[in-house]
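Trainee: One structure is given below, represented as structure tokens, and several questions about it will come after.
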Amino acid sequence: MATTIRIHPGGLLSRIANSNSSGCLELDEGLVSWKIYLQHGNLKYAYCSAQLLDQLKYYLHYLGWQQALIALKSPAYLELQFQIQEREQSADRHLYCQVISWLLAEKHLDSYQGLKLIECMTQDALQSCLWLNRGTYSWHNREPIPFWIRKYFGDSLYPNLSECLNTELNRVKKWQSCSSKLLSVHQRPYLASGWQQKTLPSSGQLSYVALEKLAPVMRGAASIRQLSLWLQKDELQVAQILSPYINHQIICLRNAQPPLDLLPSIPRTSRNNNQHQSSQGTLNKRKKIVCIDDSPIILNALKRFIDQEKFKVTVVNDPVEAVPIIFRLKPDLILLDITMPKINGYKLCTLLRASEHCMETPIIMVTGNTGFIDKARAKIAGATDYLTKPFTKQGLTKIIEKYLD
């Protein structure tokens, strides 16, 4: 049975490793979950539910598996992608599992390459798990290797868990020495407006010329992790280099791309908690907007048009998942598509209005139909206003500013 407490994953895993246990430790933060598979104190595999194809491509770039990267652009993969979207996913048949299984079956990866790729994913999931400080956990005496890994790789062992924990905890200390505004390796840096007129920090390693060279790739789209590939440096080293410029507001940070923005932030020591809380306070001043639409094109347009320096934007492409996210975030405004599968915008709006969390929250219905019946149904459901598609940046900004001064 899961127990909701303030948790220390490193301590939990260390105790399990010392007991030589075999099974699976499950942790759940609410919107993100982890499964850590162990056999006799050895780490077999770590799974994190926050998965993104771009992140899998990062691993392939990092390892240099070019054939697999090319395959992910092929018509055959596009067909697989459609099947993945149609198929219900679980922790045992998640995105990475299905894509890697396909790459192995189609011979775009050999066994050695697949194993190295899973090692990278496991180390990354372990790192994000160790940053967790609150949630639920449960231990299961079950098969210590997921079926799909055993199918392709047999009983291959990874390094001793205690050694992995020591390595990751040492890296945490180095992350904590970076700017307190830096919360995640997935944040996306960009040069602040008028940075050329600002005085560079004396502790910095980058000159005006070096910053100018970085400008084309540092526009708020690429994450620190992706930037590390371009610079051919370790991501932690890149974060350390950028930190003085982040502190001096020469370099700014955009939120991580969903769903990576749901991952835990870099844990902070008591020595820099005050600075971290100040940074969090600045972030929290931004008004929160949740955008719900099953169309990636519309969600991308909303994110692109909304000023993310002024608003913190969270996008949700599955209306069924929207309610717990909204209750957790308590947004200042909701943009809600009307025509969606599983539950349409009218029903979702009615459900939200029935909760004390959203009784007063402005809900803007986004629709391609401007007919009277749609407007009437939206009002009955509790919508505050509506926005018609296709919308412009100016139109979207105007309606947001109407309800968020």
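Trainee: Taking only the alpha carbons of the stretch 180-279, what extent do you get along each of the three principal axes, in Å, biggest first?
Mentor: 35, 27, 24
Trainee: Sum -39500 (n - 2.57) across every DSSP H segment of at least 4 residues in the chain, then divide by the residue count to get the 222 nm mean residue ellipticity, nearest 500.
Mentor: -13500 deg cm²/dmol
Trainee: Direction-averaged shadow area of the convex hull around the Cα atoms of the chain, nm²?
Mentor: 21.8 nm²
Trainee: What is the sum of charges around residue 41, taking Lys and Arg as +1, Asp and Glu as -1, for the other residues whose C-beta is under 11 Å from the C-beta of residue 41?
Mentor: So the environment of residue 41 carries a net charge of +1.
Trainee: May I ask you to work out the translational diffusion coefficient for the stretch 3-174 at 10 °C, viscosity 1.306 mPa s, via Stokes-Einstein with Rh from the Kirkwood sum over Cα pairs, reported in whole µm²/s?
Mentor: Calculated translational D: 95 µm²/s.
Trainee: All other residues with a Cβ under 9 Å from the Cβ of residue 314 taken together, and with Lys, Arg as +1 and Asp, Glu as -1, what is their net charge?
Mentor: Charge balance in the 9 Å sphere: +1.
Trainee: Any idea what Rg and Dmax come out to for the stretch 286-403 if you just take the C-alpha atoms, in Å?
Mentor: Expressed in Å, the Cα Rg and Dmax of the stretch 286-403 come to 12.8, 37.
Trainee: Let me ask something additional. Find how much the distance from residue 123 to residue 21 grows on full extension, using 0.36 nm per residue of separation minus their present alpha carbon separation; answer in nm with one decimal.
Mentor: 34.8 nm
Trainee: Tell me, what is the FRET efficiency for residue 328 and residue 233 to the nearest 0.05, using R0 = 60 angstrom and their Cβ-Cβ distance as r?
Mentor: About 0.95, to the nearest 0.05.
Trainee: Defining a contact as two alpha carbons under 8 Å apart and six or more residues distant in sequence, what relative contact order in percent does the chain show?
Mentor: Relative contact order comes out at 14 percent.
Just so you know, all these numbers are worked out from the coordinates, no wet-lab data involved. Treat the numbers as computed from the prediction; the structure is a model and nothing was measured. When we count neighbours, we look across all protein chains shown, and the Cβ atoms used for this are built from the backbone with ideal geometry, even at glycine.
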